[in-house]
Amino acid sequence: MRGQDQGPLWTESLPGPARAQEGTWQSRSEPGEDMMTSPSEQEPKGMFECQLCGLTAPYSYVGQKPPNTHTVVLLEECHVLKDPFTLDKDKFLILGSPCSLCNKLVCVGQECSLYYSKRFCLPCVHENLSAFPQEIQQEVEKRRAPSKAASKKSDSRTLL
Amino acid sequence: MSSSKRTEGKGYREPKSSRQWDWGCPETRSQLEEIFFGDQDVIRRGSEDCRKFWAFFERLQTFQRSKAGLEAKRPTEAQAPPRPRGTALADLPATYDPRYRINLALLSGKGEPVSELRGSRSQLPHDRLAEFRRAVLHYLDFGQKQAFGKLAKLQRERAALPMARYGRHLLQALQEHQVVVVAGDTGCGKSTQVPQYLLAAGFSHVACTQPRRIACISLAKRVSFESLSQYGSQVGYQIRFESTRSPATKIVFLTEGLLLRQIQREPGLPQYQVLIVDEVHERHLHSDFLLGVLRRLLPARPDLKLILMSATINISLFSSYFGHAPVVQVPGRLFPITVIYQPVPKEEAPTSKSEKLDPRPFLRVLQAIDHKYPPEERGDLLVFLSGMAEISAVLEAFQPYAAHTKRWVVLPLHSALSITDQDKVFDVAPPGVRKCILSTNIAETSVTIDGVRFVLDSGKVKEMSFDPKAKLQRLQEFWISRASAEQRKGRAGRTGPGVCYRLYAESDYDDFAPYPVPEIQRVALDALVLQMKSMGLGDPRNFPFIEPPPAASLETAIVYLRDQGALDASENLTPIGTLLSELPVDVVIGKILILGCLFDLVEPVLTMAAALSVQSPFVRSAQSNLDCGTARKPLESDHGDPFTLLNAFNAWVQVKSDRSANSRKWCRRRGLEEHRMYEIANLRRQFKGLLQDHGLLAEARPAPADSYSRQQQHRQRRELYQLKREHEESEGRKRKVLRLEALEGGSSSDEDAEASRAREGAHAVDIQVGHLAGMWALSPDGGSSSPLPSPCSLGALGRQAMPTGVPAGSPAGVHLQTLSLTDPEGVTWQPGAASLRTFPPSPFQDVKFKLRHDMGQLQAAASSAQDLSRDQLALLKLVLGRGLYPQLATPDQFNGCRKDSDQFFHTQSKQGAVLHPTSVFASNPDLLQGGQTEAREKGRDSKDGLSSRHQLLAFVSLLETNKPYLVSCVRLPALQAVLLFSRSLDTNGDCSRLVADGWLEFRLESSERATQLLSTALRLRARWEEALDRQLARQAQPRSEERAAMALKAERKVAAALGRDLLDFMRSKVSYSTHRLTALEAQNLYVGPQTVPAAPQLSAVFGETAMSPHDTKGGYAVTSFLTYNCLMSDTDLYSDCLRTFWSCPHCSLYMPFTPMERMCHENTCQAAPDQAAPGASDEEAESSRQASALQRTYHCELCQKDLLLTPTEILRHRKQHL
Ligand SMILES: [Zn+2]
Ligand SMILES: [Zn+2]
């Protein structure tokens, strides 16, 4: 019987070079480095879901000090994912954070929120538009038109 | 030292005056980098990221300068917004500044300890530092926006896939049924999404098979990427040379062949919970076979789930094969496509096979497009043609038109192109210009080119078929199937509404076959039958294939395997058959490997076997290039093509191990595709491992290395890993803009292409062509480029290393080179047989190569092979010859009088074959005319044709396109080869006439030499067989180390002696003529069974083998292959009358013998070995043991006594009575 704890599931030997670990593409380990240790720290903690557009993605950290970064801090409590678009494990990707007014968890996408010294969801920005400087007001007005067109798209996201 | 001083000096001067402040000053930049881009920082000095930052920085500067100018006109004070009441709004900064938009802060360059360490900081003004810090923050923020944009886009795209709405449905069906069919066309997302749904649903032991290796890699990467590394190492792939499987792997993408191998090892597949078999509609040999095996397996594994994924082609076939499994049908996502039928007018249709294609119908479509669609409307044209010749005909006609209109860039696409040229089809045409891709069916399913709006379908395809009778592969042109026609049409509707022009009538379309012929019905089935036997699947004739192969193909395969000694008379696996079934190589290659081990020729044999298993490294287009030809010359071997391949590989390894040499350039100069060399290196390594695993080859003990060299090796490997990692970061190839001018005059040279690539690379940032991989083009929209290409387009970038249109796909996909893609037509024979590259070529391949191989070892092997002695070469030829037998061809007897290009050859089943143009003998036919020339020189009647230098060709395959071609040939001394290999040898009474395998006749000048040769051959064959048996027995038996070593030593000695004797035999000079029997001659070859059993007393003379009258041929069956005196002859003499006095050179017996008796005597007279080799005590012991074993009871009628005698002694005894 081949129990989960009875050792590697995928380790039957293959003929020839396929056995050699060095040929692997995805492992970033040096020879001698234990391949088994790395996954734990970056393991997903849960799913992030934007309460406005429904975008979902796994996140691996919540807070202001993403793992493996030494000289960058976040100015808000963010849901963070290790940047899936690079192999560099120091790179992170901010998914979203709670709106500082209504506390809804929103993504950082332009259709959902903006950051101006704090995170604001777009509905809250609209509600308090006058509290923001002109530059923001103009920008939000500009965003409004295309974001209507995009709302159709965002419906489909919820299917995920 | 001095340089740092200068830096300081300059540093003082320049940044001091802020008016002269220059961000571009290298010293300033260096100082800034020192402060901000340290090892702990997000951006590191010298990294790709750092380079990108500076590019960003420059743009930012420009942007801010222009903004500053604008703002100067504006009122400086923005109106303060009304005070907000809410708490969160209370402390909003009233004056807008972009820096408040960034939710990041940077710690770099702050804090005193850091600044002290980075001493130069004080020289930079504070405000400049702050400005720079802000720029870094903007850069990081920009990066975040881009990455998030990518993520959002990715999620949007996933959700928009047609498959997305069926995920739940599929999981539901899977709960209730063991087998589910998912049917959906390319682009519906089934291949990428279904594995993710399974993972999300909690399945953890999932295998997903793919027909192509490259798809395994690209899908594993894509799925891992799409799931945002959520599953990280849980998604892996496993192909012939590579595996990313780890204990964490939950889903693995692998080839069908590999899964079959796993079933072979563990028939119940306990390691899997769910199997996905993708692309079942492509009907590859392995896929069809796998379905059969799984259908048998399912009842034994009720917990195992099976998902078949197919295009919407013939779905009911699959569903009903699995007990009417439910079908989840996913609608495609094609834009509407207009079909225009434009049948070729009669006068433009080719009338014969050899006639060139008329390009006029094609040109008209080009003009129609130009006429109808304005050039601003983008959209490329994809033309489907049947083969390379057709492509060049159309190319020739299109190019002047393209040059004239300046509206087209015309690109060919087929498997015989160099990788660089193949890649061009993915480049982008400049504005106002359309790409026109002239392709074989390679672009039908396996290569996806984006942006195609127009499809022009010739309706033709060249496909391989297998003639089981002649064991010949034939490449013929056919009408395509309706399914293919729809596939081709669909290529126009992937990015928007499209148009499909069909060069046939709608009624033709209706007459097309509904589906393409499955591979199993088109190819040789040797390897399949062998694998079935080793999997214990019983009689292949009764296997429940989804659609059975032709019975004749199965029979041919079984007979072939029997002939090759892999199956015994009752069709069970022999020891050698068992071994061959475990070697994932073609039967012929497997035999060559085993034979090579026997004679200690492992290194060269490994290389040859590997080289014959991949596509030829010789680029076809370089054939006509004079410089290439000259550069290739030293690599050519006059022994034959496999030797040329051996030379090329070895020379390449030498170049490779020379650090200063550029192997890429070296290859290019010789018209060699370097990627093939890497493949050969990988394969030969795999072969070596296999031979070691099977005990045919001793494991090499690692040479003890001193600690220094170990360290050095370690460091080198670290460096290589570093390089590899860097490469992975920037993996993928940038898509470039095609240059109109460069393409007008045909294809540019490689150097040109490379230069232009470099130039284009320089402004890649400005052009903003979609970059692959983690390159962030500074595009304003949140990163429109995904770091990985879609599976389709990545698949397109990939080389399908395993050609699919190949007879009897051997289990893990190793095939004979010649059976794959070296056909002179450059066609892929299978929908789905792509041959584009997997990975960007050097320098990264070089890194990977050096990581995988021990260069020192390879080089040693290569240089040892370079100094092969004449003897070793001759033995190698023998090994190849025996492996390739019965694939032999004989030169036509009139070749000597023909032009070089008109040389003909005949095989047993095929007359009038020609040499493949790449063969060394094609350019040097005189190498094969030794016999004929000599015969002429001797001034005899050429009909006589007596010579001792007749040659035969052993070839790797016979391929028919417009002509039958012999591919990869080795030349062998004709008579000797036939005597050693033939499965059937027939003689006349005095053995001066021999017929091999019923088609090759030899007439020897001297009957005495003939009998001598024949008896030597008999003995050598027996010894060879025995040595092989022992070798195979050794690998089958577990043995103690010490005894094994001793046995090995003894075996080596025996093998060496055998090798020597074989060589002597090969070199024996005897004058003879050779002739291919005509059909009539072959019919009346034998005397037939005789009623009076003549000379029964002879039977005793033959030692072990009882000589009995042959029931069909007549004469006497001497061994399983030799029949004596069965040939019908003009001078029909009684064998008894032929007795002449003869004295045995070994035992000095002197008496009258018939040739037969003499041969028998010689065969057994081994008391005194041929050469009294000093120190050959083993052999002597061996032969004396053999002699005693030969003793038998002999009843002498004259003495009326039973005597225990060896056959020789019997002869002596009988002599007494004379
Ligand atoms: Zn959102
Ligand atoms: Zn809010």
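The numbers here are math on the coordinates, done by the rules we state, and not lab data. What you see is a predicted model; the values in this text were computed from it and never measured. Don't worry about glycine lacking a Cβ; one is built from the backbone with ideal geometry, like all the others, and counts go over all protein chains shown.
For residue A:142 and residue B:175, what does the FRET efficiency come to when R0 = 45 Å and r is the distance between their Cβ atoms, rounded to the nearest 0.05?
The value I calculate is 0.35.
By the scheme Lys and Arg +1, Asp and Glu -1, what is the net charge of all other residues having a beta-carbon under 12 Å from that of residue B:572?
Counting the neighbours of residue B:572, the net charge comes to -1.
Order these by the 10 Å Cβ neighbour count, fewest first: B:630, B:1074.
Fewest-to-most ranking of B:630, B:1074: B:630, B:1074.
To check my understanding: the extent here is largest minus smallest coordinate of the Cα atoms along each principal axis. What are those three numbers for the range B:525-568, in Å, largest first?
Between the extreme Cα coordinates on each principal axis of the range B:525-568 lie 29, 21, 13 Å.
When the label point is put 7 Å from the Cα of residue B:372 along its Cα-to-beta-carbon vector, which residues of the range B:435-472 have a backbone N closer than 20 Å?
B:435-439, B:451-460
Averaged over peptide B:144-157, how many Cβ atoms belonging to another chain are found within 10 Å of each residue's Cβ?
Shielding by partners across B:144-157 averages 6.
Across the Cα atoms of the range B:857-913, what radius of gyration and what greatest pairwise Cα-Cα distance (Dmax) are found, in Å?
Both quantities, over Cα of the range B:857-913: 16.7, 48 Å.
In nanometres, what is the gap between the two model label sites at residue B:157 and residue B:897, each 7 Å from Cα along Cα-to-Cβ?
Result: 6.8 nm between the two label points.
Using mean Cβ contacts within 10 Å as the protection proxy, how do B:196-204, B:144-152, B:215-223 order, highest first?
B:215-223, B:144-152, B:196-204
Give me the distance between the Cα centres of the range B:869-930 and the range B:273-295, rounded to whole Å.
40
Sticking with the crude label model, points 7 Å out along Cα→Cβ, report the distance from residue B:404 to residue B:317 in nm, one decimal please.
Between residue B:404 and residue B:317, the simple spin-label model gives 4.5 nm.
Net charge within 15 Å of residue B:342 by Cβ-Cβ distance, Lys/Arg positive one each and Asp/Glu negative one each, not counting residue B:342 itself?
Summing Lys and Arg as +1 and Asp and Glu as -1 gives +2.
Estimate the FRET efficiency between residue B:1051 and residue B:539 by the formula 1/(1 + (r/R0)^6), using the beta-carbon distance for r and 51 Å for R0, to the nearest 0.05.
0.90
Within the P(r) computed for the range A:46-149, what percentage of the Cα pairs occupies the region above 22 Å?
34
Once you put a point 7 Å from the Cα of residue B:363 and another 7 Å from the Cα of residue B:571, both along the Cβ direction, what distance in nm separates them?
A separation of 5.7 nm, rounded to one decimal place.
In the range B:334-517, what % of DSSP beta bridges are antiparallel (nearest 5)?
Percentage antiparallel, nearest 5: 25.
So, counting K/R as plus one and D/E as minus one, what does the shell of residues with Cβ under 9 Å around residue B:479 add up to?
-2
What are the extents of the Cα atoms of the range B:163-330 along their three principal axes, listed from largest to smallest and rounded to whole Å?
Sorted from largest, the Cα extents of the range B:163-330 read 38, 36, 27 Å.
Provide the gained length on full extension for the span residue B:871 to residue B:1006, in nm with one decimal, where the gain is 0.36 nm per separating residue minus the Cα-Cα distance.
Extending this stretch completely gives an extra 45.9 nm.
If you average 1/r over all unlike Cα pairs in the range B:334-517 and invert the result, what Kirkwood radius do you get in angstrom?
16.8
Given the pairs B:150/B:435; A:91/B:153; A:118/A:142; B:356/B:963; B:52/B:145, which span a C-alpha to C-alpha distance of over 23 angstrom in this model?
Going by Cα-Cα distance, B:150/B:435 fall outside the 23 Å limit.
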